[in-house]
Structure formats: structure tokens, C-alpha cells
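Input: a single structure, listed below in C-alpha cells.
Read-outs throughout are calculated quantities, based only on the coordinates presented, and are distinct from any laboratory measurement. Note that this is a predicted model, so its numbers are computed, not measured. Cβ placement follows ideal geometry from the backbone for every residue including glycine, while neighbour counts extend to all protein chains displayed.
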Amino acid sequence: MEILTSPGAWIAIAIGYLLGSIPFGLILTRMAGLGDVRKIGSGNIGATNVLRTGNKGLAALTLVLDALKGTAAVLIGHHIGGQYFGLAEASGLLAGLGAFFGHLFPVWLNFKGGKGVATYIGVLLGLIWPVGLIFCAIWIGIAVLTRYSSLSALLASVITPAIVLFLFDDRPAALVAAIMTVLLLWKHRSNIGRLMRGEEPKIGAAT
């Protein structure tokens, strides 16, 4: 745990958190004149709820930007940590984790943020990009079979830490992935409840 005593580590976490806490879904819907996305559907600021405005392009852009802020955090943290503190890998990991926390708990929105799927993918793409693609492939495969978006994300996230550990032999990244998975599961607790009751809406179903 010596890494956490380094100023570079805390700078990486802070940069990641600030990037991750940018609420692109809220910003984009307001700029488009669609009002406050938190007042419709699930009240979430992520791409799935932005889609409920009927603007598919805006939802897609939200998805991309929410992912990119995770990737950007990792790359910036890696660069700053390596350039100034000799902690490139660790700083990238901490910045990515900070971005994920920022998306879930943004200070600007009273710590009520999104559910983290896109940012999780973005962090993976920054850390070990093939794992990010594997996550997406698992998500798509399960979504095609079940038509449950939430179930697809949940299963992909549960599998991901094992993929990082056993296929890529990266214990620190696997730990970060495991932490993100636990948080993602917690943020999806209402979805899990609906899935268990058979009440979760399927992809394309009216909400």
C-alpha cells in the first residue's frame, strides 16, 4: 500500500475522478433542449436513459463520451505518473478507478451518477484494450441471446476480472476490475431485483 502515500497517486486519483464526474448525458440532453434527463425513465444520467428521450444519436454520443473519459483518465494518469513520479502503471490504474468512482458518484450531482458500464469499458480499453473488446463481445452475445441489457453488462463485468487475471496475468488490473465489478453490481441492485422477479424490460421494449 506504499503507493497510496505518493503524491502522484493522489494526483492520478483526483484527475481521474474529475474526468469521470463529467455528466455527459445531462450536459448533452440540456444542450439539445431535451431538459433534465434525471426527470425521465430511471432518472439515470447514462446512455440508456438518454435513449429514452428518443434521440438515438445523443444516446450513442453519451455512450462514447462516458467510455472515453475512462480511457482518457487511464492514459493521462499513466503519462503524469511516469513523467513526474516514476509510477506510470500504478497511476494509470488509480486514475481509471478514480474515473469510475467519479461517474458513479459525481460531486456536482450530489454524488448521484450513472451505473458505470460505459466508463468501465473505457477504463478497460485504457488499461488492456483487448479486455475492453472482450467485455463488449460478451455483452453483445448475451444481449442477443437474452435481450436484457442489464444482465449482459452484469455478466460481462463478473467475468472480466478473471479474464484479466488468468488470460493476461495482471493482478493489479484484475483487482481494479474486481472493485469496479462490485460497485457496478451495487449500482444495478434494482435491475437485479427486477431480473429475479421477471420484471426487467428487454431491449427494445416500451418503458
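In order along region 28-39, phi translates into HN-Hα couplings of 5, 5, 5, 5, 7, x, 9, x, 8, 5, 6, 9 Hz, rounded to whole numbers, per the Karplus curve 6.51 cos²θ - 1.76 cosθ + 1.60 with θ = phi - 60° and x for Gly and Pro. Our analysis of region 93-159 gives Rg over Rh at 1.03, with the two radii drawn from alpha carbon positions and Rh computed by the Kirkwood formula. Between the listed residues Ile159, Tyr120, Ile45, the Cα displaced farthest toward the positive end of the dipole of the chain, a dipole computed from Cβ unit charges relative to the Cα centre, is found at Ile45. For the residues Leu34, Leu26, Leu18, a GNM of the chain with alpha-carbon springs under 10 Å puts the largest fluctuation on Leu34. The calculated pair-distance distribution of the chain uses every alpha carbon pair, bins of 5 angstrom beginning at 0, and gives 1, 8, 15, 20, 20, 16, 10, 5, 3, 1, 0 percent.
Rg and Dmax of region 1-115, based on Cα coordinates, read 15.5, 49 Å. For the pair Leu34 and Ile203, the difference between a 0.36 nm per residue extended length and the Cα-Cα distance amounts to 58.6 nm.
For each of Ile76, Ile140, Ile15, Ile45, count neighbouring Cβ atoms within 10 Å of the residue's Cβ, then give the residues from fewest to most.
Ile140, Ile76, Ile15, Ile45
Site pair Val144 and Leu175 shows an inter-label distance of 3.7 nm when each label is modelled 7 Å from Cα along Cα→Cβ. Extending 7 Å from the Cα toward the beta-carbon at both Val107 and Asn55 defines two label points whose distance is 2.8 nm.
Here the dipole of region 2-197 is about 1020 debye; that uses its Cα centre as origin and unit charges on the Cβ of Lys and Arg (positive) and Asp and Glu (negative).
Counting lysine pairs in region 52-207 that sit 8 or more residues apart in sequence, or on different chains, and whose Cα atoms lie under 22 Å apart gives 10.
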